[in-house]
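> Quick one: structure below, then a few questions.
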Amino acid sequence: MTRASRFEDHLTDWLEEGPTDAPDRVLETIQAALPSIPQRRVAWRVPWRFFPMNGFARWVAGAAAVIIAVGGLALLNQSPSASVGRPPTSPPPSVAPPSASSAAIDTTGWNSFTSIRHGETLRYPRGWTAAPASEPWPAGVDPTDSMQDIFSLPTNGDQVFSAVSQRLPSGETGLEWLTNYELQGATYHASVKQCWPAPADMEHTTVAGSPAWVHGGCGFIEAITVVGGRTYVMQLWNSYDRPLFDAFLSTMTFTPARADDTPVTHLSPSPSPRPS
Amino acid sequence: MQQGDLVERASRGDREAFAQLAAAHVDRCFALAYRILRDTHRAEDAAQQAILGAWRDLPSLRDPERFEAWLSRLVVHACYAESRRDRRWTAHVRLISTEPQVDPDTASSVAARDELERGFRRLSPEQRAVVVLHHHLGYPLTEIAATLGIPVGTARSRLHYAVRQLRAAIEADARPVTSKERTA
């Protein structure tokens, strides 16, 4: 045995010494604190999964898109325009909870919000707070909180509505984008891939007059629509409150021409303190 | 219930499922934190912070099978945070015992452990982490790199220099103090 290996063996033995069981108070503190700590919403729970696709996955995605298209679901398969497609000719199967009438929730009196980054307007309930996106959502990355317009109820941090958008990549249709988007979710969450169904298995609806896909049932509800060459993704996290989600959607309008995709320039490594 | 199922449930907001995960992993988290921090109370804090952080960020875990490695990473980062709270990491006084040494074997063993303790405390938190992951948990370099989110080359060099620095510190401790050094 070399001197070096003797030393490392000695080091390993020394590291073995010391306590191995946590005092009971550690777990007790954790259990006591747990109910008051909300889980992070949004970018983490992530149906967001824009990781580079390997060749096979890309081929599968392309094949799936072709099959769906040939199967007659040519929804939103037009070049970017104010509205990206036609309503489906027959209602597809839905994995989302049955849609309740948004009339169940009265949205009059809700606060108005206009997104500078994403070019959408909506209303959100009184008592909720709005955190506007401060930077665009570029293609190929997971959106962070700062890329999304986020609405939350301070007294219930678990329930969050978010909206985010990005320009469709050149030459890509809305259906192709959505197919890739869901396929990547199903790939990365293989054990719960039903949470990211193919577009053909989603509920179809309209948001602000544009065709949209809706799915949910895995801790979130998600709606996707494509308007004017931009894809918009709206989510309600940690909630199956479909009437609330529909109420949010019913207040939305899209003005993609007003979206601002200008990247944020960080002039200094840390923000200067705000003068008091 | 399988751990993967618990992770899945917890990631969807099931606190009961997460409480079971916490109970199953709290000892491992504490033991890892203690070996990096060398302080019981700080290790308790780090373990708590890591596990509560795991609850908060669990929805970001893409692969439930990676839960243990992911949790280890949170523990290591909690240890980094604990170390930043205490800038006195390297200010450890070298104590020289004046007690007579009765049993040479026992005494040399104790002395060797003390030397390791002192040398280890001189390492940076980042160096301590790779030493513990490799020499205590038996992680190969690739697993260390994946756990800490660093390149394999960085893990290798960090481990190499940590062990070398540890040996150097121990040898320096063992070296007789000259009158010149004593008066410096």
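> Between B:Arg15, B:Arg35, B:Arg28, which is within 9 Å of chain A (Cβ to nearest Cβ) and touching a His at 6+ places or on another chain (Cβ under 6 Å)? Quick ask: steps written out before the conclusion?
Numbers: B:Arg15 fails: touching a His at 6+ places or on another chain (Cβ under 6 Å); B:Arg28 fails: touching a His at 6+ places or on another chain (Cβ under 6 Å).
Within the list B:Arg15, B:Arg35, B:Arg28, the selection yields B:Arg35.
> Could you pull out the residue among A:Ala163, A:Ala208, A:Ala198 that is modelled with pLDDT of 90 or more and either in contact with a Phe, Trp or Tyr (Cβ under 6 Å, 6 or more places away or on another chain) or over 23 Å from A:Pro243 (Cα atoms) (or both)? Explain how you work it out, then say what you get.
On the way: A:Ala163 fails: either in contact with a Phe, Trp or Tyr (Cβ under 6 Å, 6 or more places away or on another chain) or over 23 Å from A:Pro243 (Cα atoms) (or both); A:Ala198 fails: modelled with pLDDT of 90 or more.
Sole residue among the options that is modelled with pLDDT of 90 or more and either in contact with a Phe, Trp or Tyr (Cβ under 6 Å, 6 or more places away or on another chain) or over 23 Å from A:Pro243 (Cα atoms) (or both): A:Ala208.
> Of the residues that sit in the range A:17-39 and are at the interface with chain B (Cβ under 7 Å from one of its Cβ atoms), not in a loop (DSSP other than H, G, I, E, B) and not β-branched (Val, Ile, Thr), which one is nearest to B:Gln165 (Cα to Cα)?
Just the residues of the range A:17-39 that are at the interface with chain B (Cβ under 7 Å from one of its Cβ atoms), to begin with: A:18-23, A:26-27, A:29-31, A:33-35, A:37, A:39.
Now narrow it down to the ones that are not in a loop (DSSP other than H, G, I, E, B): A:26-27, A:29-31, A:33-35.
Remaining after also requiring not β-branched (Val, Ile, Thr): A:27, A:31, A:33-35.
On the way: A:Leu27: 36, A:Gln31: 40, A:Ala33: 40, A:Leu34: 41, A:Pro35: 44 Å.
If we take residues in the range A:17-39 being at the interface with chain B (Cβ under 7 Å from one of its Cβ atoms), not in a loop (DSSP other than H, G, I, E, B) and not β-branched (Val, Ile, Thr), then A:Leu27 is nearest to B:Gln165 (Cα to Cα).
Table: residues versus (1) touching a residue at least 60 places away in the same chain (Cβ under 8 Å); (2) surrounded by fewer than 17 Cβ atoms within 10 Å (Cβ to Cβ).
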{"residue": "B:Ala111", "(1), (2)": "no, yes"}
{"residue": "B:Glu115", "(1), (2)": "no, no"}
{"residue": "B:Gly119", "(1), (2)": "no, no"}
{"residue": "B:Arg122", "(1), (2)": "no, no"}
{"residue": "B:Pro125", "(1), (2)": "yes, no"}
{"residue": "B:Ala129", "(1), (2)": "yes, no"}
{"residue": "B:His135", "(1), (2)": "no, no"}
{"residue": "B:Tyr139", "(1), (2)": "no, no"}
{"residue": "B:Ala146", "(1), (2)": "yes, no"}
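The values are calculated or read from the model by the stated rules, or taken from the named source; none is laboratory data. Only a predicted model underlies this, so the values are computations on that prediction, with no experimental measurement involved. Every residue, glycine as well, gets a Cβ built from its backbone with ideal geometry; the counts of neighbours run over all protein chains shown.
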